[in-house]
Amino acid sequence: MKSPLLSLPGAVPGEGVDEGVAAHYGDLFREQRALADGTGFVDLSHRGVVTVSGEDRLGWLHLLLTQHVSELPAGQATEALILSAHGHIEHALYLVDDGGTVWAHVEPGTQEALIAYLESMKFFYRVEVADRTADVAVVHLPAGSIAEVPEDAVVRETPYGRDLFLPRAELAAYAEKAGPPAGLLAHEALRVERCRPRLGFETDHRTIPHELGWIGSAVHLQKGCYRGQETVARVQNLGKPPRRLVFLHLDGSEVHLPPHGTEIRLAEDGPDGRKVGFVTTSVRHHELGPVALALVKRNVPVDAPLLAGDTAAAQEVVVEP
């Protein structure tokens, strides 16, 4: 889904799953500072949009998701996961109910698999699942923004800002009055600063919620059964996750950022040492410089200097070992 805003002056397309929107508009740090100050907007129109309507929608979703949503108040934002039978993360949903329909945005390209799973679980429940990606675009307004919100937009309000579900046909016109555009790299830099995981970046085929700090924000521990719940309860009550999310301060003298998947080793073992983790997302932050999120083995000492490829890295704890 290619955004019409890629025609704005200075727009440089993103890469990989984010190629449908602008990575930046010519000035990465200015765009970051604008978002941090509560101005501008981010085009997230490449993300999938899924709706669930019908009188059973909340009770039905409650059975499938990791989050407690059976009494979700209209207008209250939440986030939730869908796990495999073994407790591995398969989908991440960012939700709001408008009183008649649950709206969710998901990672680009994941909506078809999500809908296929939801359709397979409908049984006798009075629900309708729809892919709205073609006609609805997601736009993010940062916290503190005073930009006007169209009357026909569904709003998902969070501590980090507002996600608007906007008719796609109105996207270009809305961009003209919503303030200066900020690219996805600016949005990602602030996400990394907040240590917020992203499906497909901080996750792989065996990631469980505890490793990323998703317990609480996306996983409700007292809500009852759902697929993968046994693994969640067992790790929570009896054990520790095998890996943990960390925040890395990277050596600022390096020209290139270590890309996703770069192997992490203990600095004392050198670049040929044993792999203890990998970089999940690396960014250049307007205040912190080059930083990253990474998954490392739980038993890596929390004060151990690390190497991300050839780049020296100092870690901060995100998930306790």
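With the highest mean first, a sort of the peptides 148-160, 85-97 on other beta-carbon atoms found within 10 angstrom per residue produces 85-97, 148-160.
Which FRET efficiency, nearest 0.05, do ALA173 and ASP37 yield, Cβ-Cβ r, R0 35 Å?
Plugging the Cβ-Cβ distance into 1/(1 + (r/R0)^6) gives 0.90.
Computed from the C-beta positions of GLU71 and GLU316 and an R0 of 51 Å, the FRET efficiency is 0.90 to the nearest 0.05.
Neighbours of THR158, meaning other residues whose beta-carbon lies under 13 angstrom from its beta-carbon, give a summed charge of +2 when Lys and Arg score +1 and Asp and Glu score -1.
Remark: for residue pairs LYS2/LYS122; LYS223/LYS297; LYS122/LYS223, the C-alpha separation exceeds 25 Å in LYS2/LYS122; LYS223/LYS297. Enter the accessible area of SER7 (Å², nearest 10), with the probe set to 1.4 Å and all protein chains included. The accessible area of SER7 comes to roughly 100 Å².
In the chain, the DSSP-assigned H stretches of four residues or longer account for a calculated mean residue ellipticity at 222 nm of -4500 deg cm²/dmol, using -39500 (n - 2.57) per stretch and the full residue count as denominator.
For the stretch 110-131, the residues whose amide N sits under 18 Å from a probe point set 7 Å from the Cα of LEU63 along the beta carbon direction are 115-130. With each label modelled as a point 7 angstrom along the Cα→C-beta vector, the HIS249-LEU288 pair spans 1.1 nm.
Projected label points at ILE146 and ALA267, each 7 Å from Cα along the beta carbon direction, are separated by 4.5 nanometres. Calculated from the structure at hand, Cα Rg over 2.2 N^0.38 Å is found among [x] 1.01; [y] 0.96; [z] 1.14 as [x]. Charged neighbours of GLU79, selected by a Cβ distance under 12 Å, balance to +2 (K, R count +1; D, E count -1).
Extension gain, VAL302 to PHE124, is 59.1 nm, computed as 0.36 nm per intervening residue step minus the present C-alpha separation.
Keeping every protein chain present and rolling a 1.4 Å probe, give me the accessible area per residue for the chain in Å².
Solvent-accessible surface per residue comes out at 44 Å².
The values are calculated or read from the model by the stated rules, or taken from the named source; none is laboratory data. Keep in mind it's a predicted model, so treat the numbers as computed, not measured. For neighbour counting, all protein chains shown are included, and Cβ atoms are generated from backbone atoms with ideal geometry for every residue, glycine included. All accessible areas refer to the heavy atoms of the entire protein, side chains included, with ligands and DNA or RNA removed. Shrake-Rupley method; radii C 1.70, N 1.55, O 1.52, S 1.80 Å.
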